[in-house]
1. For Leu246, which sequence-distant residues (separation of 5 or more, or a different chain) have an amide H within less than 5 Å of its own amide H, given hydrogens modelled in the peptide plane?
2. How large, in Å, is the stretch 23-125 by the Kirkwood hydrodynamic radius built from its alpha-carbon pairs?
3. Which value, to two decimals, describes the C-alpha radius of gyration of the stretch 55-193 once divided by 2.2 N^0.38 Å?
4. Would you work out the Kirkwood radius for the stretch 193-240? I mean one over the mean of 1/r across all pairs of different Cα atoms, in Å.
5. Kirkwood-based Rg over Rh for the stretch 149-238 (C-alpha set), two decimals?
6. Work out how far the C-alpha atoms of the stretch 180-219 reach from end to end along every principal axis, then list the three figures in whole Å, largest first.
7. Under 5 Å between amide H atoms, partner at least 5 residues away or on a different chain: which partners does Ser150 have, H built in plane at 1.01 Å?
8. Anything over 21 Å Cα to Cα? Flag those among Lys68/Lys99; Lys99/Lys181; Lys68/Lys88; Lys88/Lys181, in the order listed.
Amino acid sequence: MAARLLLATALITLTPVAAQAQVPPRPAAPGPVTPERLALGVQLTKLLNPTDAIEAMLDRIVHESMPKAFIADPSVQALEKEYPGVVKVMIDAMYPVLKRRLMGSVPEMWDLLGNHYASRLDTADLRAAIAFYSSPTGERIVAAMVAGVSFDSMLQDMVQTGEFDVGAGAMNGTLRDGARKAYSGLSAEDRANANRFAATPAGQRIVAANLSAQPLVLQWANRPDPAFDAELEAAMLPALEKHTGLSLDPATDTSHSKPKKTP
């Protein structure tokens, strides 16, 4: 579920600019995607979603947001009270699987978003965005958004409702809050630079392309992945059994209480 959450927030680094721009009508498609535009679209996507930022967000989700979300659930509270440390055991068991699967999916995410940008922006727009996000201001915006976004509320809602698909409303709220925090933390010079870029035709068209990508990203992030679910379960159950002394094999008929299904 952390992997899904990160994939669904793959667009976050454009949000500080989007928050300052007046989005124009949807621009006409610039024609069939060319190899040059596709390469530029992927280059832009990598600037906005660098691997170190994705890893940093995963660490924040797993080690900060997840414990808060789990312990807010009454059934997990009871489990933690009976078997102190069980939440940490569960999260520690999940982390290597989450990281391996997430980082392995990054190239696919880059290609998906790169193709989206290439299909909606012309060469000049793509080059303008790459120039901006390669600048010191652009790099600081990406870093500020990564540092500013919080997944606490979204994760707590997922755990409490048992609905682990990422919704558009939850994602937009997370991005909006992160954008406000990131933008407020920028220097006056960086805010001025961001506003100038957002006011250009290229900046506004990129905002529009970014907004239109959200349904695409959500659909992709929420795809069923039984193999991933099975891998998580296979990692967690032995660790939980060792910590609690219970038999938690779902194929085994047992009267013992089992931990609530995790995302």
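1. none
2. 16.6 Å
3. Normalised by 2.2 N^0.38 Å, the Cα Rg of the stretch 55-193 equals 1.29.
4. Evaluated on the stretch 193-240, it is 14.1 Å.
5. Here Rg/Rh amounts to 1.11.
6. The Cα atoms of the stretch 180-219 stretch 37, 25, 8 Å along their principal axes.
7. Gly178
8. Beyond 21 Å between Cα atoms: Lys99/Lys181; Lys88/Lys181.
Only the coordinates and a few stated rules stand behind these numbers; no lab work does. Note that the structure is a prediction, hence the values are computed from the model and not measured.
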